[in-house]
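Have a look at the structure below before the remarks.
The values are calculated or read from the model by the stated rules, or taken from the named source; none is laboratory data. Owing to the predicted nature of the structure, the values given are computational and were not obtained by experimental measurement. Glycine also receives a Cβ, built like all others from the backbone with ideal geometry; neighbour counts cover every protein chain displayed.
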Amino acid sequence: MQAWCADEHEPMMLVSGKGCTLTDQHGKEYLDGNSSIWTNIHGHNHPTITTAIRDQVDRVAHTSFLGFTHEPAIQLGKQLVDLLPGSALSRVFFSDNGSTAIECAMRMALQFWKQNDQPQRDTILAFDHAYHGDTLGAASVGGIPIFKGSGNDFGYRVQRVANFDSLDSLTLEVTSRLAAVIIEPLIQGSAGMRLWPKGMLTALSAWCRERDIFLILDEVMTGFGRTGTMFACQHEDVIPDFLCLAKGITGGYLPLAATLTTERVFKGFLGPGRAFYYGHSYTANQLGCAAALGSLQVFREERVMESLPSKITLFQSLLESLRELPQVKDIRQCGLIAGVEIGPYAPESLMGVKVCLAARRHGLLTRPVVDTIVLMPPLAISDSEQRQMIQALRLAIEEICPLPH
Ligand SMILES: *Cc1c(COP(=O)(O)O)cnc(C)c1O
């Protein structure tokens, strides 16, 4: 805060965007190397999405979803269900952001067991280094201490484990109390792009099924094509009980989220007096739904998924060229997501921050997680923009990072 408030600090203001380029208050242009904090999918100011929003705002911007419904939400619900093969996740609950999508999934899971004869299932299992959002419930399953600020456990009973193998050491007493397991599939984002071993998701899904424990997949970051498939779970043919979507759902234009679940969970809430007590004032905002429909239209019309394999191949080979740098310790990549880890350096040297500030001077915007520089461009990035992005990062690392001895 102090550094931000310092007299000499000039905050950067972003005033416009087109495609993968953002422009600041001085007219300088930058590549949006982290997709405006992992949200943007098809680039900025995409005519299909802006038109969808404009057409909707001419009708109505927002109406209550409490006891009402509307066409954009109905259409979006249908289209989201159809995105997964077999439409196994047939029910959609809207909310406002990634954290609330997680809150919904956890509360549905806990309430489901409570009202369906297994009230002892009161615990959520979460992994070390996980990040699931900043609201109290979502933060309570988070595994990164610094993000928790003042306290640790905010109310939910949480069982934390390091990895899949550590599930073996859980006693029956513990597993019989599990309502759900929550995980970021394939890759933990805020932890610095940590990859799970191949096959882990399949194994975890089987482990949950054997014990009738719900599997909650947090695809807030990985959803909507980032990993090369529409959803990360498709890499391992896993269908969870809850799929949490936000960030990219509107193409990165407006805040909106959805928690998808099964017919079984839906039915568990039927019956006299039963209700899922959860809702926000802006739930299923009409403009947000219109933007999301616009984004899905772009996916279809521009065959975005088909364009990804060659982009990912180029991304991999460009990242590979960064490995030559002695300052680069590790590169972790999944689809169009990458973490370039430099160092090791002392945390107080803030090397990651310094590299990102230097990259800015070379026309690239991104953020570090400590000493891991995140590269997560919009899926719309062109080949020449990819080269530009990697070149800017290379120059920044060479400029800032001392050679290790
Ligand atoms: C960003 C993120 C969240 C939280 O989403 P918000 O919209 O910022 O609340 C949750 N989970 C993951 C994996 C995320 O990357």
**Message:** Taking the conditions exactly as written (outside any helix (DSSP H, G or I), more than 14 Å from the ligand (Cβ to nearest atom) and buried (at least 17 other Cβ atoms within 10 Å of the Cβ)), does Leu260 satisfy them or not?
**Reply:** yes
**Complete:** Going through segment 27-73 in order, the residues found to be within 19 Å of Val92 (Cβ to Cβ) and of a type outside the set (Val, Ile, Thr) are Ala52, Gln56, His62, Ser64, Phe65, Leu66, Gly67, Phe68, His70, Glu71, Pro72, Ala73
**Message:** It is to be established whether one or more residues within segment 274-288 are closer than 24 Å to Pro377 by Cα and assigned to a helix (DSSP H, G or I).
**Reply:** yes
**Wholly within segment 86-204, helices (runs of 4 or more DSSP H) carrying at least 1 residues that are within 14 Å of the ligand (Cβ to nearest atom)** = 98-115, 136-140
**Message:** Please verify whether Arg360 is among the basic types (Lys, Arg), closer than 17 Å to Leu319 by Cα, touching a residue at least 60 places away in the same chain (Cβ under 8 Å) and surrounded by fewer than 22 Cβ atoms within 10 Å (Cβ to Cβ), treating the condition exactly as stated.
**Reply:** no
**Prompt:** Across segment 237-265, what is the number of residues that are free of Cβ contacts under 8 Å to residues at least 40 places away in the same chain and under 26 Å from Ser176 (Cβ atoms)?
**Reply:** 1
**Request:** Please indicate, with yes or no, whether at least one residue in segment 210-218 is surrounded by 20 or more Cβ atoms within 10 Å (Cβ to Cβ), within 16 Å of the ligand (Cβ to nearest atom) and without any contact (Cβ under 8 Å) to a residue 40 or more places away in the chain.
**Result:** yes
**Asked** Yes or no: Cys244 outside any helix (DSSP H, G or I), at negative phi and surrounded by 24 or more Cβ atoms within 10 Å (Cβ to Cβ)?
**Response** yes
**Request:** Take the residues in segment 1-40 that are of a type in the set (Asp, Glu) and touching a Gly at 6+ places or on another chain (Cβ under 8 Å), then tell me which one is surrounded by the most Cβ atoms within 10 Å (Cβ to Cβ).
**Result:** Asp32
**Prompt:** Could you list, in sequence order, the residues of segment 17-46 that are in a strand (DSSP E or B) and aliphatic (A, V, I, L, M)?
**Reply:** Leu22, Leu31
**Prompt:** Within the set of pairs 6 or more residues apart or between chains, which connect a residue that is at pLDDT below 95 inside segment 187-201 to a residue that is buried (at least 20 other Cβ atoms within 10 Å of the Cβ) with Cβ atoms less than 9 Å apart?
**Reply:** none
**Message:** Being part of a loop (DSSP other than H, G, I, E, B) and more than 16 Å from Trp113 (Cβ to Cβ) is the filter here; which residues of segment 263-273 pass it?
**Reply:** Pro272, Gly273
**Filter pass, Leu80 being in contact (Cβ under 8 Å) with a residue 24 or more places away in the chain, among the hydrophobic types (A, V, I, L, M, F, W, C), touching a Pro at 6+ places or on another chain (Cβ under 8 Å) and surrounded by 19 or more Cβ atoms within 10 Å (Cβ to Cβ)** = no
